[in-house]
Amino acid sequence: MGRKTIMVYPTNVKLHSLYNPTLKILCKKYNLVYNPIESREDKLLSSKIRKVYILRYLYHRFVRNFISFYKIKKYFSTPPIAENPDLILAINDFPPEDYDYILDLEKLTALSGYDYDSLDRNYIEKRFADRHCKAIIVWSDFVYNSLLKILDCSNFKDKIKVVPFTIKSGHIKKNLNKKQIRLLFVSSINNPYDFELKGGIILLDAFSQLLKKHPNLKLFIRAKLSDSIKKKCNLLGEINLIEDFLQDKQMGELFENSDILLEPLPGINLLLDCMEYSLPVVAFNYEFIPEMVEDSRGGFLVDCKSIFGDEKNIPHYLKNHYLNYLKLYKKSPENMIDEFALKTNLLIENPTLRKKMAIHLNSLVQDNGKYSLKKREKKLLGIIDKALQ
């Protein structure tokens, strides 16, 4: 028998770099159908538009109730399936009916353009329960629990599998005994325009406090900043702003020479890099972050109820996703800023604790770790092989 054919759906969408290890795994064993169209200019334009606070607010507060750009884009850009694959790996979207598929799901609202109110629960439950749905791969326990709390999963609960993303570990040797501490903030590796949405304003306020105790402390920011934010940075002093695009090697050097990630809302890719480069984290206890950065083990977590609500109330998290994020454009409560500064200071002044956390984080991407690439490959291929039987 020849190699089975797996189609990535939609076939023309350029996937996030998180998927690179997955695509390599699939190419080794199967015929992979994946023909992405990448438009860097469109992505940059979209990122710049999303950065404008008033446009984001008006769209998510009012316009989306009448017009969904997600549905318009999907209607015009999703191509029909021209081949007959043995299995479809659908990314955050349902393929046409009558095809066997595995759904890879970032979060439940990805099936409605991240609009909680537009979720068609009946349709989703029907598609999940259908025999053509072979498995539902979710990225974290948070997403798994959100499915259980929002949907009736009684007919397909056994199909839901938690398979965390990971990266290939390079066994990087890092100096964990430095006296000069460097803080790092990365405004999304793929999108440098998300400074405010990643908690950049909180970062600057916390850094301002830290400078009073550590006047020689250095902060490196990889982001595109507005002129007003740049002025604030200039007043603070010890800030190195990196706005130019960095190649992988340069990004690696930035991580390797940093000692603490101070970032309220780091993404999955960034947290995996922190594991790879043994970089303790100070961040929010938001959604999946506590799973990747165990509080007091891989870093310190700061309570973010005042912005996002109670982390146990998953429907609230998802329903108010974008509007809550927009609160990050404004000044946060003083007690939150104080907590970020306090917990970062604990790491600055305790090199033994910092080293212990760094070693723990790095262990997570090694062969026996929770985010081991070998573990992901074994689990992913097991799910796919079962679906192909």
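The C-beta contact set for the stretch 272-296 (first residue closer than 22 Å to P21 by Cα, second residue of a type in the set (D, E, K, R) and assigned to a loop (DSSP other than H, G, I, E, B), distance under 6 angstrom, 6+ apart or interchain) comprises S278/K174.
Here's the yes/no breakdown for (1) in a loop (DSSP other than H, G, I, E, B); (2) among the hydrophobic types (A, V, I, L, M, F, W, C):
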| site | (1), (2) |
| --- | --- |
| A135 | no, yes |
| Y144 | no, no |
| S154 | yes, no |
| K161 | no, no |
| N175 | yes, no |
| Q180 | yes, no |
| L183 | no, yes |
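Within the stretch 70-108, restricting attention to residues that are surrounded by 15 or more Cβ atoms within 10 Å (Cβ to Cβ) and of a type in the set (S, T, N, Q), the residue that is modelled with the lowest pLDDT is T78. Of the strands (runs of 3 or more DSSP E) lying entirely inside the stretch 206-288, those carrying at least 2 residues that are more than 19 Å from L342 (Cα to Cα) and within 21 Å of the chain's Cα centre (by Cα) are 218-222. If you go through the stretch 211-219 one residue at a time, do you hit one that is farther than 17 Å from L183 by Cα and out of contact with any Phe, Trp or Tyr (no Cβ under 8 Å at 6 or more places or on another chain)? The answer is no, given that none of the residues of the stretch 211-219 is farther than 17 Å from L183 by Cα and out of contact with any Phe, Trp or Tyr (no Cβ under 8 Å at 6 or more places or on another chain).
Among the residues making up the stretch 374-389, a single one is buried (at least 19 other Cβ atoms within 10 Å of the Cβ) and touching a Lys or Arg at 6+ places or on another chain (Cβ under 7 Å): A387.
Residue check: is G299 touching a strand residue (DSSP E or B) at 6+ places or on another chain (Cβ under 7 Å) and at positive phi? Taking the combined requirement at face value, the residue satisfies it. Pairs linking a residue in the stretch 194-211 that is assigned by TED's automatic domain parsing to the domain that holds V282 and under 15 Å from A283 (Cβ atoms) to a residue that is polar (S, T, N, Q) and part of a helix (DSSP H, G or I), with Cβ atoms under 8 Å and 6 or more positions apart or on different chains, are D194/S47; A206/T344.
Checking each residue in the stretch 343-365 for being assigned to a loop (DSSP other than H, G, I, E, B) and surrounded by 15 or more Cβ atoms within 10 Å (Cβ to Cβ) picks out L364, V365. On inspection, K379 passes the criterion of being of a type outside the set (A, V, I, L, M, F, W, C) and not in a loop (DSSP other than H, G, I, E, B). Taking the listed residues K331, K312, the one that is assigned by TED's automatic domain parsing to the domain that holds K213, outside any helix (DSSP H, G or I) and under 24 Å from L148 (Cα atoms) is K312, with no other qualifying. Looking only at the stretch 192-202, decide whether some residue is surrounded by 13 or more Cβ atoms within 10 Å (Cβ to Cβ) and more than 25 Å from the chain's Cα centre (by Cα). Checked against the condition, which is being surrounded by 13 or more Cβ atoms within 10 Å (Cβ to Cβ) and more than 25 Å from the chain's Cα centre (by Cα), the stretch 192-202 yields no hits at all.
Among the conditions (1) farther than 30 Å from T5 by Cα; (2) assigned to a strand (DSSP E or B), the only one that P192 does not satisfy is (2). With the structure loaded, tell me whether I384 is under 27 Å from I102 (Cα atoms) and assigned by TED's automatic domain parsing to the domain that holds R131 or whether it fails that test. Answer is yes for this residue.
When H171 is tested against (1) part of a loop (DSSP other than H, G, I, E, B); (2) within 30 Å of A135 (Cβ to Cβ), exactly one condition is not met: (2). Restricting attention to the stretch 1-27, the residues being free of Cβ contacts under 8 Å to residues at least 40 places away in the same chain and touching a Ser or Thr at 6+ places or on another chain (Cβ under 9 Å) number 1.
The values are calculated or read from the model by the stated rules, or taken from the named source; none is laboratory data. Computed from a predicted structure; not experimentally measured. All Cβ positions, glycine included, derive from the backbone under ideal geometry; neighbour counts span all protein chains shown.
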